[in-house]
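Here the structure is laid out as structure tokens; the discussion comes afterwards.
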Amino acid sequence: MIKRIARKPIVEKRVFLKFGFVIVKSQVCLCPKCYHTVNAGPNYQPDHCDKCGQRLKFDDIEWEKDEELGFAVRRRPNEQIEDRVV
Ligand SMILES: [Zn+2]
């Protein structure tokens, strides 16, 4: 029954590589129940988590644009920028 109550997703900022070389800080939404990354954005907000079915509400989420931080320069061939919470 608890799934029937819509909950606000967890909003996080993550840094990741776009196109393999652009460092982008982006806003992601996580399901508050299972921490699955919800595919949501300014133009699309699912009303439930596609993994656990938790109902979601995006009422007071402020959407921020992706922020480009620069270009990736790899000092070592195997160096990678991984998803991380900022
Ligand atoms: Zn979920």
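Assorted remarks:
- Selection from region 1-30 of residues that are open to solvent by less than 40 Å² (accessible area, probe 1.4 Å) and farther than 21 Å from residue 66 by Cβ: 6
- Among the candidates 22, 15, 28, the residue that is β-branched (Val, Ile, Thr) and within 16 Å of the ligand (Cβ to nearest atom) is uniquely 28.
- Number of positions in region 65-86 that are at pLDDT 90 or above and open to solvent by less than 100 Å² (accessible area, probe 1.4 Å): 4
- Residue selected from region 25-63 under the condition among the hydroxyl-bearing types (Ser, Thr, Tyr) and in a strand (DSSP E or B), by the criterion farthest from residue 8 (Cα to Cα): 26
- Summed over region 31-60, residues that are buried (at least 16 other Cβ atoms within 10 Å of the Cβ) and either among the small types (Gly, Ala, Ser) or more than 16 Å from the ligand (Cβ to nearest atom) (or both) total 1.
The values are calculated or read from the model by the stated rules, or taken from the named source; none is laboratory data. Please read these numbers as outputs of a predicted model, since none were measured by experiment. As a convention, Cβ positions derive from the backbone with ideal geometry for all residues, glycine included, and neighbour counts pool all protein chains shown. Accessible surface areas use protein heavy atoms only, side chains included; no ligands, DNA or RNA. Shrake-Rupley method; radii C 1.70, N 1.55, O 1.52, S 1.80 Å.
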